[in-house]
Structures are given as structure tokens and as C-alpha cells.
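Okay, structure first, notes after.
Every read-out reported here was derived from the displayed coordinates using simple, explicitly stated rules and does not represent laboratory data. Only a predicted model underlies this, so the values are computations on that prediction, with no experimental measurement involved. Heads up, the Cβs are rebuilt from the backbone with ideal geometry, glycines too, and the neighbour counts pull from every protein chain shown.
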Amino acid sequence: MTAGLILLTAWLVNVAAGAAEYKQFAAAMSTLFGRLVLIGWSFAFFFHLANGIRHLVWDTGRGFEKRQANASAWFVIIAAVLITAGFWTLLS
Amino acid sequence: MKLVASLRALTGLGDAAGGTDHWWGQRITGVALVVLGLWFAASLVILPSLEHQLVVEFVGAPLNRVLLSMLCLVAAYHSYLGVQVVIEDYVHAAGIHRASMIVSRIGHLLVAAVAVYAIFGIGAGA
């Protein structure tokens, strides 16, 4: 997540730097390696977000039964996959 | 005046009255990041494309500047708290522990400063 924050900052710096620099950055991110990094990071982000909500629910003292904990684990994984897929499908 | 306190005087004095700050800091920034993170992801999707001009206009809108700055600042703090936990759990040697914390603190401050500087620079010169 910390690496992703640095990547987001790098994106912002390149937006600020100007059209030419941004184009270069966007091109680097459009390569196969760049895409894998972005898709991987976006999945990590959505997973972290969903699992964070799971932890917030646990903080209220709920969901600790074995069956519930297993169900929420699967929910988090499936939600992260679906949101990541939806994000990249909708992103124009 | 003695500058070194004996261990006997320090033990058994109870907590430092700040034991839950870290935990609360993680939860509150976490909740904020759910909102800010989803807002940012949705914004990227809603933008017709990620061409330079469109991104500049998006970041340049006053509300977006503020929200994006909040996202970066809150994320940097949340990340700092998270990295601190990793260091506390896995770096046991006192010297490296302290050095890692200093590097993490400076690094996160640097990222936060650069991000906000970039956000307020976008569209300002054009």
C-alpha cells in the first residue's frame, strides 16, 4: 500500500510537470509491466479496503464465530476481485 | 541534579495515558480512507478519459484539490501507522528499530509534502 501511495504521488507529480512528462509516464504505465503493477496495486487497494471494513466490524465485537469469520473472509476476497474487475472495465 | 532515573522509580507507574491513540488513529484514518478512496476510484472511472488536459481540470477544481490533498495526507498518516506496526513486530534490534522509524517518518512526510505540492501546482501555472 505504501508503494502504491508513492506511485499515486509520482502520477500527481507527472500531471503537474506538464503534458509531455505525463504522456511519458502514461506510456510507461501502459506497458505490460506497468499494467500488471497497476492492476496488482488496485486489487491490493480494494482488498485492503474490504478487509479493513471487516476489521471495523470485528472491532464492534461482531462476526467472531468460525462460520461468520470464514464467510467474511470469502466475501472480502470475492468483493476485491469483483471491484477490481469492475474498476478496470469501467475505466475508459 | 540526577539526569538518570533509576528503573525502580519508573516501574509500576501505570501507562503513559496514550495507549489507545495509535489504535484510534488507525481506525479513524481507515474510515476516512474508505470514503476518500472510493471517491477517488469513482472519479477516475467517471472521467471520460485520463488525458492530461482532463486530469488537470479535474485536479484543478477547488473541491477536488481539497479532497485529493486529504486523501494523500490521511493515506500517508495511515501508512505511517501501519509501517510502524510492521517495524514493531519484526524489527527487534533497538538501533535498527529506531533507524527504521526515523526513515519511515521522514519518508512519509516527504511523500505527503510532494503530493500536496504537486496537487496545488497542477493547473496553477497554465
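Globularity index of the stretch B:1-125 is 1.47 (Cα radius of gyration / 2.2 N^0.38 Å, N = number of residues). Working note: 222 nm ellipticity from helices only, DSSP H runs with n ≥ 4, each -39,500 (n - 2.57), summed and divided by the residues of chain A, gives -30500 deg cm²/dmol to the nearest 500. In plain terms, the residue of B:Tyr117, B:Tyr77 with the fewest other Cβ atoms within 10 Å comes first and the most crowded comes last, giving B:Tyr117, B:Tyr77. Relative to the compact-globule estimate of 2.2 N^0.38 Å, the Cα radius of gyration of the stretch A:32-92 comes out at 1.31. As a length-normalised measure over Cα pairs under 8 Å and 6 or more apart, the relative contact order of the stretch B:4-126 settles at 32 percent. For the stretch A:32-92, relative contact order (Cα pairs under 8 Å, six or more residues apart, normalised by length) works out to 47 percent.
Taking 20 °C and 1.002 mPa s as conditions, the protein assembly as shown diffuses translationally at an estimated 108 µm²/s according to Stokes-Einstein applied to its Kirkwood radius (Cα pairs).
Taking label positions 7 Å along the Cα-Cβ direction at both A:Leu82 and A:Ala20, the computed distance is 4.7 nm, reported to one decimal. Here each label is just a point 7 Å from Cα along the line to Cβ, and for B:Leu50 and A:Ala3 those points are 1.7 nm apart. Projecting label points 7 angstrom from Cα along Cα→Cβ for B:Trp24 and B:Lys2 puts them 3.5 nm apart. In chain B, helical runs assigned H by DSSP with n ≥ 4 each contribute -39500 (n - 2.57); averaged across all residues and rounded to the nearest 500, the mean residue ellipticity at 222 nm is -26000 deg cm²/dmol. Peptide packing: for B:32-40, A:20-28, A:41-49, the average count of neighbouring Cβ atoms within 10 Å per residue gives the ranking A:41-49, B:32-40, A:20-28, highest mean first.
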